[in-house]
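The values are calculated or read from the model by the stated rules, or taken from the named source; none is laboratory data. Not measured: the values here are computed from a predicted model. So basically every Cβ, Gly included, is an ideal-geometry build from the backbone, and we count neighbours across all protein chains shown.
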Amino acid sequence: MKMRLTRGSWFTFSVIATLIAVLALAGDAWAAAKRAPTTQPAGVTTKVASSTTQPSPKSGGWMTKHEKYLARAKEGNIDLLFLGDSITEGWGNNEVWKKYYGELKAANFGISGDQTQNVLWRLLNGEIDGISPKAAVLMIGTNNSGGSTAEQVADGVTAIVKTLREKLPNTKVLLLAIFPRGEKPNPQREKIQKANETIAKLDDGKMVRYLDIGPKFVDKDGVISKEVMPDFLHLSKKGYEIWAESTQPLLAELMELKKEPPKEK
């Protein structure tokens, strides 16, 4: 007895045959993937771009401050520029700032919470357009040190210095080592120190000068006093005095400031 396939049966049969063929191909692909090596061939490495070097903006109050700095840049008359995060922004217009920089046509472009990628975005989006300071003081990277490697932090700082040199060819850069943080020596400080060792190599003896004043913030045991950093990160008035005094000689050299004669006692 012969079995006659109806049109519906042929359709069902063709669907089943197609599914079997698809499953067979998938099985072959899975087997091939299983046999493939799970690591890269010797000598082949892939470096993924770090977020520390990818310009990135923020919103809200951050953008408001950025626009404020754009307006300040358009005004011009800036001989000394400070760039950084909350530690730099913390200068405000305090007594120490007035004492050391009040007559130097200084501008403070620090923004709280900034990481290297945020400063980089600001530089590429107008904050230093149309100005040519004698010197720029840069201290950035501590906010990257929690989630990035020492190499990535250093890469971010390097990208900023490179951008400053490209956009402000006549401006000398005073690159400060990232300040120590935390009351006592800790792993994050160690990471910061490794990053500092790398960015120190950016010092070319002429247009970029590196200065590590971190040791001046700690005692002989590496402990930070609340008198210097109340929260073991941000500076007090005494902390800013240390910053200003420690950088004054090199900053004066970079800005080619005339030395005032010693005052009579």
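Listed here are the residues, each with its yes/no results for (1) in contact with a Pro (Cβ under 6 Å, 6 or more places away or on another chain); (2) of a type in the set (Asp, Glu); (3) within 24 Å of residue 168 (Cβ to Cβ); (4) at pLDDT 95 or above.
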residue	(1), (2), (3), (4)
15	no, no, no, no
20	no, no, no, no
46	no, no, no, no
58	no, no, yes, yes
72	no, no, yes, yes
78	yes, no, yes, yes
103	no, yes, yes, yes
119	no, no, yes, yes
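This table checks each residue for (1) under 19 Å from residue 88 (Cα atoms); (2) modelled with pLDDT of 95 or more; (3) outside any loop (DSSP other than H, G, I, E, B).
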{"position": "221", "(1), (2), (3)": "no, yes, no"}
{"position": "230", "(1), (2), (3)": "yes, yes, no"}
{"position": "233", "(1), (2), (3)": "yes, yes, no"}
{"position": "239", "(1), (2), (3)": "yes, yes, yes"}
{"position": "245", "(1), (2), (3)": "yes, yes, yes"}
{"position": "253", "(1), (2), (3)": "no, yes, yes"}
{"position": "264", "(1), (2), (3)": "no, no, no"}
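Report, ordered by the first and then the second residue, all pairs with beta carbons closer than 9 Å, sequence separation of six or more or different chains, a first member in the stretch 194-205 that is modelled with pLDDT of 95 or more, and a second member that is in a loop (DSSP other than H, G, I, E, B) and of a type in the set (D, E, K, R).
196/212; 200/212
Which of the residues that make up the stretch 113-126 are in a loop (DSSP other than H, G, I, E, B) and either in contact with a Cys (Cβ under 6 Å, 6 or more places away or on another chain) or surrounded by fewer than 23 Cβ atoms within 10 Å (Cβ to Cβ) (or both)?
113, 125, 126
Would you confirm whether any residue within the stretch 186-200 is assigned to a loop (DSSP other than H, G, I, E, B) and either out of contact with any Lys or Arg (no Cβ under 9 Å at 6 or more places or on another chain) or among the acidic types (Asp, Glu) (or both)?
So far as the stretch 186-200 goes, yes, one or more of its residues are assigned to a loop (DSSP other than H, G, I, E, B) and either out of contact with any Lys or Arg (no Cβ under 9 Å at 6 or more places or on another chain) or among the acidic types (Asp, Glu) (or both).
Please give the number of the condition residue 137 fails out of (1) within 15 Å of residue 54 (Cα to Cα); (2) among the β-branched types (Val, Ile, Thr); (3) in contact with a Leu (Cβ under 7 Å, 6 or more places away or on another chain).
(1)
Scan 59, 50, 148 and give me the residue that is surrounded by fewer than 16 Cβ atoms within 10 Å (Cβ to Cβ) and hydroxyl-bearing (Ser, Thr, Tyr).
Selected residue: 59, the only one of 59, 50, 148 that is surrounded by fewer than 16 Cβ atoms within 10 Å (Cβ to Cβ) and hydroxyl-bearing (Ser, Thr, Tyr).
For the stretch 89-112, give me each residue that is outside any loop (DSSP other than H, G, I, E, B), charged (D, E, K, R) and in contact with a strand residue (DSSP E or B) (Cβ under 8 Å, 6 or more places away or on another chain).
89
Counting only residues that are part of a loop (DSSP other than H, G, I, E, B) and either buried (at least 21 other Cβ atoms within 10 Å of the Cβ) or not hydrophobic (A, V, I, L, M, F, W, C) (or both), how many does the stretch 168-185 have?
12
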